[in-house]
1. Within the range 509-527, count every residue that is at pLDDT below 95 and hydrophobic (A, V, I, L, M, F, W, C).
2. Taking only pairs six or more apart or across chains, which ones have beta-carbon atoms under 9 Å, a first residue in the range 163-187 that is among the aliphatic types (A, V, I, L, M), and a second residue that is in a loop (DSSP other than H, G, I, E, B) and open to solvent by 50 Å² or more (accessible area, probe 1.4 Å)?
3. Within the range 439-465, which residues are assigned to a helix (DSSP H, G or I) and open to solvent by 60 Å² or more (accessible area, probe 1.4 Å)?
4. From D221, D268, grab the single residue that is in a loop (DSSP other than H, G, I, E, B), open to solvent by 20 Å² or more (accessible area, probe 1.4 Å) and either modelled with pLDDT under 95 or more than 22 Å from F40 (Cβ to Cβ) (or both).
5. State yes or no: is R510 touching a residue at least 12 places away in the same chain (Cβ under 8 Å), open to solvent by 10 Å² or more (accessible area, probe 1.4 Å), charged (D, E, K, R) and touching an Asp or Glu at 6+ places or on another chain (Cβ under 6 Å)?
6. Return the residues of the range 196-227 that are hydrophobic (A, V, I, L, M, F, W, C) and over 14 Å from L120 (Cα atoms); say none if nothing qualifies.
7. Select from the range 114-140 the residues that are small (G, A, S) and either open to solvent by less than 50 Å² (accessible area, probe 1.4 Å) or over 27 Å from the mean Cα position of the chain (by Cα) (or both) and list them in ascending order.
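The values are calculated or read from the model by the stated rules, or taken from the named source; none is laboratory data. As the structure is a computational prediction, the values presented were derived from the model and not from experiment. Cβ: placed from backbone, ideal geometry, glycine included. Neighbour counts: every protein chain shown. Areas reflect the complete protein model, heavy atoms only, side chains present, ligands, DNA and RNA absent. Shrake-Rupley method; radii C 1.70, N 1.55, O 1.52, S 1.80 Å.
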Amino acid sequence: MRSTTCEAAPARRRAGVLLHVTSLPGGHGVGDLGPAARRFLRWLAAAGQGLWQVLPLAPTGYGDSPYAALSAFAGNPLLVSLEDLVEEGWLEPGDLADAPRFERGRADYARAAAWKGSRLALAARRFATAGRRSPLHVEAFSRFRGRTREWLGDFALYLALKERHGGRPWFEWDPPLARREEAALAAARAALSDAVGVHVFAQYCFDRQWSRLRAEARQLDIELMGDLPIYLAHDSAEVWARRELFQLRDDGRPRAVAGVPPDYFSADGQLWGNPLHDWARQAHDRYAFWVDRLRCELSRFDLVRLDHFRGFEGYWEVPAEATVARDGRWVNGPGAALFERLEEALGRPLPLVAENLGVITPEVEALRERFGFPGMAVLQFAFGNDPQAESFRPHNWVRNLVAYTGTHDNDTAAGWWASEAGPGSTRTPEEVRRERAHALAYLAADGRDMPWTLVRAVYASVAARAVVPLQDLLGLGGEARMNLPATADGNWRWRARDEDLSPALAERARALAALYGRSPGSVSSNQ
């Protein structure tokens, strides 16, 4: 049995930016993997940055949340660049001439999905007739189908069936299809072959475009950091196709659902609603599902943030009929057995970052330290009443850490600094006053330009990686917040504009990164 702490090679000091792909600028309603993404990589290099962190890349379901994914393996077809399909020859320039006018600075998922879906269907037809005549494309497409055979067919059929059922979740489909009776599945494959083909083609395009982006990141010496949610959406391809791996009733409904107890963000806790893993069954399979999941992520990223790491040691189980998360209870998770199996299958050390925020116990930290995973520190949490506030102060940080001004779940640094206690707040006016006073004293600050005061603090720290949301580099207020936990509407919509990624901002970030040994070529960047 494994008993020693995993000792990974010390990470090089790097500065990085947190920006989801959907938040990139561009003209088709949502950021994508095309020209704007490649320009952003070059901007990062000019800014002395060595890391780009994104949110999960999976196709999104309810509320457009990347943490409520329709698949554990597929890429989001909304992220496919139509400009790159023109470059491939699968679309003509004129095919994009009648694009809708989208609002700048905001993601419009519904309209973008309708527009991009029609263009992807057109490109798929062109590829089917012309693209497959090319020996190079025939070989590449065949290799892609071979690499993804364990999940691609189920996912493409799931999406086609979901469309046929008017978008309804799989557990509301015709019972033979919901139960995956073989005769019903065979009939659906035959009837929906064209739609299935479009979804397969979209995944092929996503794979090609992401591979191109990753190759450019490697040339620029920029790490790509992904994000792996612990849970899947109830309405997802894998829960439909592999329901034995999840805690479901015979009718497909969850026996219990995921969430977290009351915390900084919500006095009632957060009721996520995802079905829980059946860890006993997955252990019987030697965690094959997780081996496949992580292998897929590591084929796309250099480093993966493991969301809600706490849930692997112990998770919050909420009765399916509950209306608030505070009615749940703690249940033991798979613990070390899962990570031992992942190391056995994928190698040691695993390039994972543990999201160890929330209700963290000594047992959770012992599990993280046993496998050598870097934890996270969020500077916004350092000055108030968070139970981990002391560990979030830079004088207590260690090198094996990813330090943040804030994450996608936080308000922006400027929004946090300007926020007041009010309806729905978990802080009283007196707590806000004390938090501000503590922050000013600790950071030796005067309260002006607080976003860059926080940036300087995380850059100056001992933490090997310092990551800052682009909104904080831009000094934007709460209107640019990406997500407000425990709310379902209005999240994930902020987008940068082309002019935001200016040479002046790049130079300011580069100078600070160089000062603290975080940019390539800095004296201490490799120490």
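1. Here the count works out to 1.
2. A178/D251; A184/D174
3. A441, Y442, R456
4. Numbers: D221 fails: either modelled with pLDDT under 95 or more than 22 Å from F40 (Cβ to Cβ) (or both).
Sole residue among the options that is in a loop (DSSP other than H, G, I, E, B), open to solvent by 20 Å² or more (accessible area, probe 1.4 Å) and either modelled with pLDDT under 95 or more than 22 Å from F40 (Cβ to Cβ) (or both): D268.
5. On the way: touching a residue at least 12 places away in the same chain (Cβ under 8 Å): yes; open to solvent by 10 Å² or more (accessible area, probe 1.4 Å): yes; charged (D, E, K, R): yes; touching an Asp or Glu at 6+ places or on another chain (Cβ under 6 Å): no.
So R510 does not fit the description; no.
6. Selection gives W210, L213, A215, A217, L220, I222, L224, M225.
7. G117, S118, A121, A123, A124, A128, A130, G131, S134, A140
Yes or no, residue by residue, for (1) surrounded by 22 or more Cβ atoms within 10 Å (Cβ to Cβ); (2) part of a loop (DSSP other than H, G, I, E, B); (3) touching a residue at least 24 places away in the same chain (Cβ under 8 Å); (4) of a type in the set (G, A, S):
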| position | (1), (2), (3), (4) |
| --- | --- |
| R214 | no, no, yes, no |
| Y231 | yes, yes, yes, no |
| H234 | yes, yes, yes, no |
| W240 | yes, no, yes, no |
| E244 | no, no, yes, no |
| D250 | no, yes, no, no |
| G259 | yes, no, yes, yes |
